[in-house]
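Since the structure comes first, as structure tokens, the remarks are kept for the end.
The values are calculated or read from the model by the stated rules, or taken from the named source; none is laboratory data. Just so it is clear, the model here is predicted, and its values are computed rather than measured. Methodologically, a virtual Cβ is constructed for each residue, glycine included, from the backbone with ideal geometry; neighbour enumeration extends over all protein chains shown. Heads up: the accessible areas ignore ligands, DNA and RNA and are worked out on the full protein's heavy atoms, side chains in. Shrake-Rupley method; radii C 1.70, N 1.55, O 1.52, S 1.80 Å.
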Amino acid sequence: MLKTALRPRSLAFLAAALLVAALFVSLSMWQLNASLQSSTVADPAKDRVSAIEDVTTPGETVTSQQADHVVSVTGTYVPDSTVLVPGRLQDGASGYWVVTQLVVPDSQERWDVADSDVSLAVARGWVASPEQVDPAPSGQIRVIGRLLPTDSPLSSEKLAAGQVGSVSSAQLSNLWDAPLYSGYVAAFAENPATQPAPVSSDGVLQDSATLMGHGLSRLQIDQQPTDTSVHALNLFYAIEWVVFAGFAFFMWWRFVRDEQLREENPEEYFYFEGDYFWDEAEQSYYYWDAQDQCYYFFDDQPAVAARARNDARHDDAAHDDAARPGARRAGAGRAASSSENPTPRSDNGAPQ
């Protein structure tokens, strides 16, 4: 079979199969990369504390690239601005987020349309009941927390006074009558601005950092979303293209195998409806042509192809056979001789 595989026609077929397989493998890699790129992973750089001015500016929508950054912002809490957001979970328990307006000094300069300093909604922490809410600290306060995109506004009609359905910058801007950053900060730490920031030398918030509220629980918010799973549909397409690449090699192997079997068992590959027989001397099959009333050898066998061409040069009957390409007239005496013991290939005998 190796000899058959090394023939020019087989090698040409192999080159075509390699090109097709390479194309399919490249498509598989493309689908696999698309599957991996559709996943999102936590960015360690976002957990290092940055000044809010380095991440976002007033009037700018908080995008997915800006969201989840841990930011530091200094400002003053507005008294009596605190609202509660019900239905927030903490350690499996349902409670309230405590959200307060923080005015950021000198922020008006960073937003041309603002008529006053811009405020930032700060989710200061979680409480189990409204009775646990302490007044916001006064003075200049440094807040360190995770920057999040604004929520969609929800109706507050059925909520108690001082409660809102979500942390929506647009809704809170109307409620507080002040310009707001488009996102909000989920606070992890609060401390007076006159004190050092509770940040380690590598820029990460220290574990000892706390909130300035006795009844508040620190919010447990990681980077969102984090998904390391592989997209199933792209993965399926990637596997599918690899299967197609394997099928290209299978087609080449099948071609070589059929060529080999055609040489070993040519009688299995004759497309002739009729009787044909085996000639021991010629080592070839021949058949009876009813139209010409003559026997012909099958010339698609390599063992007799060269001999057929030589006989055609010296046979006076070659001119008669030239109109029948692919066939070589069998000797009438040989074909009719019973000593050759022809073996029929069908249930009917050859014409006598």
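Under 1.5 on a/c is rounded, so check that first for segment 1-124, then, if it is not, pick prolate when a/b is larger than b/c and oblate when it is not; a ≥ b ≥ c are the square roots of the alpha carbon gyration tensor eigenvalues.
On the way: a/c = 5.48, a/b = 3.05, b/c = 1.80.
Note, shape of segment 1-124 comes out prolate.
Calculate I(q)/I(0) for segment 136-232 by the Debye formula, one identical point scatterer on each C-alpha and no solvent, and give its log10 at q = 0.24 Å⁻¹ to two decimals. Rounded to two decimals, the profile gives -1.33. Under a 5 Å amide H cut-off, with hydrogens placed 1.01 Å from N, residue 154 pairs with 165, 166 among residues at least 5 apart or on other chains. Remark: relative contact order (segment 76-229) = 25 percent; criterion is Cα-Cα distance under 8 angstrom and separation of 6 or more residues. The phi-based Karplus calculation (6.51 cos²θ - 1.76 cosθ + 1.60; θ = phi - 60°) puts the 3J(HN,Hα) values of segment 49-66 at 5, 10, 5, 4, 5, 7, 10, 8, 10, x, x, 9, 5, 6, 8, 5, 6, 8 Hz, whole numbers, x for Gly and Pro. Accessible surface comparison of 214, 69, probe 1.4 Å, protein chains only, largest first: the order is 214, 69.
Amide H contacts for residue 277 (H built 1.01 Å from N in the peptide plane; partners 5 or more residues away or on another chain; cut-off under 5 Å): 286, 287.
Of the GluC sites (Glu not before Pro) found in segment 42-125, those that fall in a DSSP loop while having at most 15 other beta-carbon atoms within 10 Å are 60. Residue ranking by accessible heavy-atom surface, 1.4 Å probe, largest first, among 262, 9 comes out as 9, 262.
Taking a ≥ b ≥ c as the square roots of the eigenvalues of the Cα gyration tensor, an a/c ratio below 1.5 marks segment 59-206 as rounded. Net charge of the neighbourhood of residue 246, taken over other residues with C-beta under 14 Å away and scored Lys/Arg +1, Asp/Glu -1, is 0. Based on protein heavy atoms only, segment 1-104 ends up with 53 Å² per residue of surface accessible to a 1.4 Å probe. Across segment 128-138, rounded Karplus estimates of 3J(HN,Hα) from the backbone phi angles (6.51 cos²θ - 1.76 cosθ + 1.60, θ = phi - 60°) give 7, 8, x, 5, 7, 6, 9, x, 5, x, 9 Hz, Gly and Pro being marked x.
Each of 46, 3, 158 has its accessible area taken with a 1.4 Å probe; listed largest first, they run 158, 3, 46.
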